[in-house]
1. Among the residues in segment 23-41, are any aromatic (Phe, Trp, Tyr) and in contact with a Lys or Arg (Cβ under 7 Å, 6 or more places away or on another chain)?
2. Which one of Arg276, Arg240 is modelled with pLDDT of 95 or more and out of contact with any helix residue (DSSP H, G or I) (no Cβ under 7 Å at 6 or more places or on another chain)?
3. What's the number of the only condition in (1) in contact (Cβ under 8 Å) with a residue 24 or more places away in the chain; (2) open to solvent by 40 Å² or more (accessible area, probe 1.4 Å); (3) over 28 Å from Gly32 (Cβ atoms); (4) not acidic (Asp, Glu) that Arg276 fails to meet?
4. Tell me which residues, restricted to segment 123-175, are touching a helix residue (DSSP H, G or I) at 6+ places or on another chain (Cβ under 8 Å), open to solvent by less than 70 Å² (accessible area, probe 1.4 Å) and small (Gly, Ala, Ser).
5. Please specify each residue of segment 1-47 satisfying the condition of being of a type in the set (A, V, I, L, M), free of Cβ contacts under 8 Å to residues at least 40 places away in the same chain and in a strand (DSSP E or B).
6. Any idea which residue in segment 106-122 is farthest from Tyr200 (Cα to Cα), counting only those that are among the charged types (D, E, K, R) and open to solvent by 40 Å² or more (accessible area, probe 1.4 Å)?
7. Those residues that are in contact with a helix residue (DSSP H, G or I) (Cβ under 7 Å, 6 or more places away or on another chain) and either open to solvent by less than 40 Å² (accessible area, probe 1.4 Å) or among the acidic types (Asp, Glu) (or both), I need them from segment 10-30; list them, please.
8. Does Phe264 satisfy the criteria of being open to solvent by 80 Å² or more (accessible area, probe 1.4 Å), in contact with a strand residue (DSSP E or B) (Cβ under 7 Å, 6 or more places away or on another chain) and either farther than 26 Å from Gln164 by Cβ or not acidic (Asp, Glu) (or both)?
Amino acid sequence: MRERTGIIGGSGLYVIDGIDIIDHLSIDTPFGRPSDDLVLARIGDHEVVFLPRHGQYHRVPPHRINFRANIHAMKQAGVGQIISISAVGSLREDIQPGDFVLVDQFIDRTQGRAATFFDGPVVAHVSMADPVCAALSARIGEACNACGIRTHTGGSYLVMQGPQFSSRAESQLYRSWGMDVIGMTNMPEAKLAREAEICYATVAMCTDYDCWHDVEEDVSVSAIAEVMQANVHKAQAMIRALFNKPEAHVCDTGCREALAHGIFTDLKAQDDAALRPIYPLVERFL
């Protein structure tokens, strides 16, 4: 089977002209159920798996997302690369609402979220030095440029716990750290994708200036909604442009070998109970 591309974002992303819905995949994982059924679709020559991160009708808040189930389900569905599409606030004057940012780094400020598949007795330590697949991000950048989307290449995404927005002091603190955008959802998603040896890239869609800006309105749901709708249309165009090309994704940045130097435990000494939850991740080592 040809490797599939996963897209994690809002449910509106797969309402695209020219997309063929093939199936809805109801997948159980050892870590529970994902946010919703996965939507298997075909765009041109590519099979794409969509997952609404917050579930249909946005019913799962960021701190309650079952990230492990989401990534495990993607792995079961044959996904080899994930495009994460997320709404963010800007922490820089030149990143304006409506802009896209192809971030390449994260600062994880979340708490209490299950952040690994390797909770023991199998232990793994994967590198997160470069958490984004550069090859995948570059392809996304080409698609954004083809659609005329104002896009910033590179940047650091501060992942906050939520569901509340920042205080002014927090917003100014993150700006002093040199952060570029702020959101609530890309951690531990990126960490788990790396453990699953799935290429991962983020499209951060800016909706607001958080609450640091002296002139612009403070972030609010009503303010976000209007910009978000326009951003969704841009994201749909980007997805069409990305999959209009027949070539498949080729990773040369080590995402697919993350566990080769990360597993510290002798897998062959483990029993079925220890291996069952992580079997799709470690099958090639057995």
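1. Yes.
2. The unique qualifying residue is Arg276.
3. Every listed condition holds for Arg276 apart from (3).
4. If the condition is that a residue be touching a helix residue (DSSP H, G or I) at 6+ places or on another chain (Cβ under 8 Å), open to solvent by less than 70 Å² (accessible area, probe 1.4 Å) and small (Gly, Ala, Ser), then Ala124, Ala143, Gly162, Ser166 are the ones that fit.
5. Ile21, Ile22, Leu38, Val39, Leu40, Ala41
6. Filtering segment 106-122 for residues that are among the charged types (D, E, K, R) and open to solvent by 40 Å² or more (accessible area, probe 1.4 Å), the one farthest from Tyr200 (Cα to Cα) comes out as Asp119.
7. Gly12, Leu13, Ile16, Ile27, Thr29
8. Yes, satisfied.
The values are calculated or read from the model by the stated rules, or taken from the named source; none is laboratory data. Small disclaimer: the values here were computed from a predicted structure and weren't measured. For neighbour counting, all protein chains shown are included, and Cβ atoms are generated from backbone atoms with ideal geometry for every residue, glycine included. Remember, those area values only see protein heavy atoms, side chains included, never the ligands or the DNA or RNA. Shrake-Rupley method; radii C 1.70, N 1.55, O 1.52, S 1.80 Å.
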